[in-house]
Structures are given as C-alpha cells and as structure tokens.
Number of protein chains: 2
Amino acid sequence: MNNETTLVCSPVSEKPHCGAADHRERVMGIRDAIDVLSGKWKIEIIGALLFGGRMRFMDVMREVPGIAAKMLSKELHDLEAHQLVKRTVMDTKPITVEYEITPYGKSLEEVIITIANWGLSHRKKIMKG
Amino acid sequence: MNNETTLVCSPVSEKPHCGAADHRERVMGIRDAIDVLSGKWKIEIIGALLFGGRMRFMDVMREVPGIAAKMLSKELHDLEAHQLVKRTVMDTKPITVEYEITPYGKSLEEVIITIANWGLSHRKKIMKG
DNA sequence: CAGAATCCGGCACGATACTG
DNA sequence: CAGTATCGTGCCGGATTCTG
C-alpha cells in the first residue's frame, strides 16, 4: 500500500464513443476502492468513526473489538494519508488525540451502510441455517 | 477463512429495547461482510460475474486482469461455498465450466455498484489533485 | 480448457514490551 | 493516554509445472 495517493490502474487510455463493455471502468473503480479500503480493519474503523462521531484513540479501540493498538495506529495513519480521517492532537495534561471523519470520508457513508446492511442480512440468513 | 458458513461474531446477546448504541450491530454486519468478501479479488470477481453474466473460467480471467489461475480457482470455490456463485460443468469435448451469480449473490449487486461508484469518483478526485 | 499440485517470498496481522 | 519498537507467524497471493 502506497503512502502516496496513487491509482492502481492507469487511467482509461481511450474510450472512443462510450459504447458497451464499460464494466472495465467499473472494475477499475472496484480496484481503486479496494486499494483504499483493503485489509481486515479499515471499513470497520471508518464505520465506527462515521457512526460514533469524533472520538479518541482508546474509544476507537473499544468500538472495534479485537484490534491491536499497533494495527489501529497503522490503519488510522493510512486513512489519514488518504484524507478520509482527520487527526487532532489536544495538548492536555496526558496528551489526548481525537479522530474524526473528514468531509471526504463522509462520502464513504453510503458504501459502509450498504456493506453493513448486507452483512446483517447475511448474518440472519446464516443463522437460520 | 472457514469453509463452513459460520459467523465471525457471536449473535447479539441481548438487545432489550432497541435503543442507541446499535452501531455494535452494524460493526458486526461489517465484520461478517468483510469475512465473506475479504481478499484482493472476491469483489472484482463478483462484479465481473454480475455485469458480465454467465461465463467460463477463461472469460472470468480476462475480466479480472492480473489474477492468477490458482487464485481465481480458489476464490471461485470460496464464493461457491458461500452460495454466491454457481458452478456448472458442461461435458463438451474439451470440458468447459461455466460460472454465474446465484440469486443470493445478486443481493450483493447494490454493494458492488456502490463500491465501484465510489472508487470511480475517488479516482477522479485523485487524478485532479 | 479447467484446474490441482507444488514451491516460495512477503507482508498482514498478532502479542508483548517499552516510552513521553 | 497514545502511541512506537520489536519479534514472530500464517496465509495471501504469485510463478511454474502437471493432468484429463
């Protein structure tokens, strides 16, 4: 995963007259999205921040059960590099840091909700057997 | 990844009267969805099958640029185990196999489209910046 | 053509300990 | 509290070869 905000695929070389077979574009879109959201934790973290609002490191840990501090730290930095999350350091007595979704990160809300809803219905289906 | 169709999280223990803090459920949903869709390729494969319709192994390979045969085979089996994809063996002279999205797999269409669209707009943003 | 088998490197992820 | 540092491991995923 690059720190730089690059694209996975090279831009569309040519698209003479937008005809059929533009799934190619969709595939590229999927690839770019996966690139940003890859891994076991990113989507959960964004979801937590999205629905929990601005919160501190430890709060995020609580909202994302099972994640290790190192992972959370790394993923948050990745998300910050992609401008999806904003980090704010408060100089209180013991230093506190707050994280929140950026306006751009908000654009992921629909994606997250859609995924969460599907997961929930999938869970119900599995539980019924 | 389990072969069995299990859930990552244990079911909701109690939810007295659906009050606040039900992001917990959403987080569980996200986790279940990630579990099914994890990895670098699954979403792309589903997308290809969703928009490309029933097709053969080699066609899927063409639709998912860069994937190795082993990966594609493995991912397709995973998806089949989760009942998202159906495999059909035709006994032609050189054996051919066809893959297609199941009705249940269709339920992922909204998810995939949402992701693809976000990825596309993200791509545009990055290219400008 | 559709894949199974094998080999292999890297990194995603985890556990623990330490710091300001 | 909010992290870094360090160490270890599994498995993800790629390349290649073999089969029916």
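Computed values, structure above
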| read-out | value |
| --- | --- |
| Theoretical gain in end-to-end length, B:V8 to B:R54 [0.36 nm per residue, Cα-Cα removed] | 13.5 nm |
| Restraint check, A:K106/A:K128; A:K40/A:K106; B:K70/B:K93; A:K106/B:K124; A:K74/A:K128; A:K125/B:K74, Cα-Cα greater than 26 Å | A:K106/A:K128; A:K74/A:K128 |
| Peptide A:104-117 - average C-beta neighbours from other chains (10 Å radius) | 5 |
| Listed residue (A:Y99, A:M127, A:I45) projecting farthest to the positive dipole end of chain A, Cβ model | A:M127 |
| Helix-only [θ]222 nm of chain A, DSSP H runs n ≥ 4, -39500 (n - 2.57) each, per residue, nearest 500 | -16500 deg cm²/dmol |
| Teacher prompt: B:D91 distances to equivalent labels in other copies, 7 Å Cα→Cβ, nm | 7.9 |
| Listed residues A:K74, A:K42, A:K93, most fluctuating in chain A (Gaussian network, C-alpha, under 10 Å) | A:K93 |
| Rounded to 10°, Cα long-axis angle of helix B:23-37 versus longest principal axis of chain B | 10 |
| For A:K70, label point 7 Å along C-beta direction: distances to other copies, nm | 2.7 |
| Residue closest to axis [chain A; rotation mapping onto B; Cβ; Å] | A:T114, 2 |
| Partner chain coverage, peptide B:52-65 - average Cβ within 10 angstrom | 1 |
| With Cα atoms, 0 to 90° folded angle of helix B:42-52 axis to chain B main axis | 60 |
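A short reminder: the numbers here are calculations on the coordinates, not readings from a lab. Quick caveat: nothing in here was measured; it's all calculated off a predicted structure. Here the Cβ is made from the backbone with ideal geometry for all residues, glycine too, and neighbour counts use every protein chain on show.
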